[in-house]
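The structure appears right after this line, and notes come after that.
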Amino acid sequence: MPYFDKNMKLQPLSLITLILLLISCKSDHLNIIGSFPLSLTEVSAAEKTPFSTLIWVIEDSRNKNTLFGVNESGEVVKELHITNAVNNDWEDLTSDSFGNIYIGDFGNNKKKQKTYTIYKVKKPNKNTHNTTAEKITFQLPDKMKPENFEAFFIYNHHFYIFNKANKKGKMFKVLNEIGGQEAELVTEFNLKGKKNKITSADISEDGKTIILLNNDKLWKISNFKKDDFFNGTIESIDFNHLTQKEGVCFKDKQTVYITDERIGFIGGQIYTLNIE
């Protein structure tokens, strides 16, 4: 594939350049609206809270125990350091109707961890730089093997938490109360396709639509009764776009934000997606 240089001479594209162009090609559905600074390479979640225009993001394991508030362009407007938290493996964010934000420290790639932590940060705002969080811890039911989690949301005063698995998925619920809790296995489920690892999740403000994120697709779930989500209507939206997508949240009823990690020159961006 040739291109013209600045002197209008025809030049061949290098193989590396061609590969990068193909990998980062525009998706049929995703629209790039912003890029994160180079200091944020492993953005693992995104969340919008009531009463704030910011998109809150975190980085995963081995990074700072910090909430970052960014605008739609990806610029960091706010850094909020959680002084009593440890970033073992922060994987997802969710929020409640009061504007409190919750950090899911439940990544468990080696499946050795038996106790998981959710940090509750009360109404993060632009005026403070340090804060302490309240803690919810949970364990799985007796005799259940440890799981690796990367996605959750709040529904009816419970956290609904999804394991990360290609084949058989599991969904647990945990009471949203400070202190130690025991998770309840709600259901096991199978999503169509070979690569179905769920990396982030969210529920709409009216509680009627759920979105589940994967690297190459998004599932939209609607028309469910109570928490029988997987017997609702499940639609798959393919991206035709190959990056490590780790964060998703609703912007409004029709639109979601999606974020991906930066690997080399690829990723590190904020996208919008119309789900209607």
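Select the strands (runs of 3 or more DSSP E) contained entirely in the stretch 51-107, then report the ones holding at least 3 residues which are among the aliphatic types (A, V, I, L, M).
On the way: elements: 55-59, 66-70, 76-82, 90-95, 101-105.
By residue number, 55-59, 76-82.
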Residues being part of a loop (DSSP other than H, G, I, E, B) and within 17 Å of the chain's Cα centre (by Cα) - total across the stretch 200-211: 3
Lone qualifier among 136, 101 - being closer than 19 Å to residue 185 by Cα and aliphatic (A, V, I, L, M): 136
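Checking the condition surrounded by 16 or more Cβ atoms within 10 Å (Cβ to Cβ) and within 21 Å of residue 154 (Cβ to Cβ), which residue from 237, 198, 178 passes?
Values: 237 fails: within 21 Å of residue 154 (Cβ to Cβ); 178 fails: surrounded by 16 or more Cβ atoms within 10 Å (Cβ to Cβ).
Only one candidate passes the filter, namely 198.
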Residue that is farthest from the chain's Cα centre (by Cα), among those in the stretch 108-131 that are among the hydroxyl-bearing types (Ser, Thr, Tyr), in a strand (DSSP E or B) and surrounded by fewer than 20 Cβ atoms within 10 Å (Cβ to Cβ): 131
Matching option when the condition is surrounded by 15 or more Cβ atoms within 10 Å (Cβ to Cβ) and in contact with a His (Cβ under 9 Å, 6 or more places away or on another chain), among 93, 80: 80
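Bear in mind that the values in this text are calculations on the coordinates, not laboratory data. Keep in mind that what you see is a predicted model, and the values were worked out from it rather than measured. Don't worry about glycine lacking a Cβ; one is built from the backbone with ideal geometry, like all the others, and counts go over all protein chains shown.
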